[in-house]
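K.L.:
I'd like to ask some things about the structure below.
Each value in this text was obtained by applying a stated rule to the coordinates, not by laboratory testing. What you are looking at is a predicted structure, and each value in this text was computed from that prediction instead of being measured. All Cβ positions, even for glycine, are placed from backbone atoms using ideal geometry, and neighbour counts span all protein chains on display.
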Amino acid sequence: MTRRIVLALACAAVAAAALPAVGETLSGAELFTRADKGHCAACHEVASAAPSARRSDVGPKLGGARMRALGRERLRALLTDPMASNPETLMPPYGRHRILDAAEIERVIDYLYALP
Ligand code: HEC
């Protein structure tokens, strides 16, 4: 009996770990890397990352100086709908398709601004 309860709890823990908890607040870095959120890291490398065998060069490498030069307003527009400035882009329209909500987009921008 106890073994069954332990097994049920273990299964519940595995299921809970696989899904973002309701109302969970993810950091900009988590939003950037997580496959169930921005998954920006699938296409972009960041200046700070250690060299890796995996190449994420569909989009340009992202660095803080360039992000701050673009500015929050431009980044917000880009993350909301990159097709507005480039209809051919491969980058997903995070805001328009509600992949990220407005607060999440702001946290991703904070993360981009803080890149080296
Ligand atoms: C499927 C690939 C893909 C994904 C996923 C992706 N991007 Fe992009 N991104 C691109 C491409 C390609 C460009 C180049 C510009 C264009 O296509 O118009 C770009 C451009 C950018 C730029 C402008 C860079 C510059 O120097 O002008 C920023 C900033 C950016 N992406 C941030 C993000 C963030 C943040 C995410 C995740 C929330 C993300 N991207 C997800 C492909 C992607």
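K.L.:
State whether region 50-116 is rounded, prolate or oblate according to the following rule on the C-alpha gyration tensor (a ≥ b ≥ c being the square roots of its eigenvalues): a/c under 1.5 gives rounded; otherwise a/b larger than b/c gives prolate, and the remaining case gives oblate.
P.N.:
Numbers: a/c = 1.61, a/b = 1.23, b/c = 1.31.
In terms of gyration-tensor shape, oblate.
K.L.:
While we're on this one: For region 32-116, build the charge dipole from Cβ charges (+1 Lys, Arg; -1 Asp, Glu) around the Cα centre, then report which of 43, 113, 90 sits farthest towards its positive end.
P.N.:
113
K.L.:
Can you give the net charge of the other residues whose Cβ lies under 14 Å from the Cβ of residue 79, counting K and R as +1 and D and E as -1? Can you show the working numbers first?
P.N.:
Numbers: positive: 37, 72, 74, 76, 96, 98, 107; negative: 73, 81, 101, 104, 106, 110.
The answer is +1.
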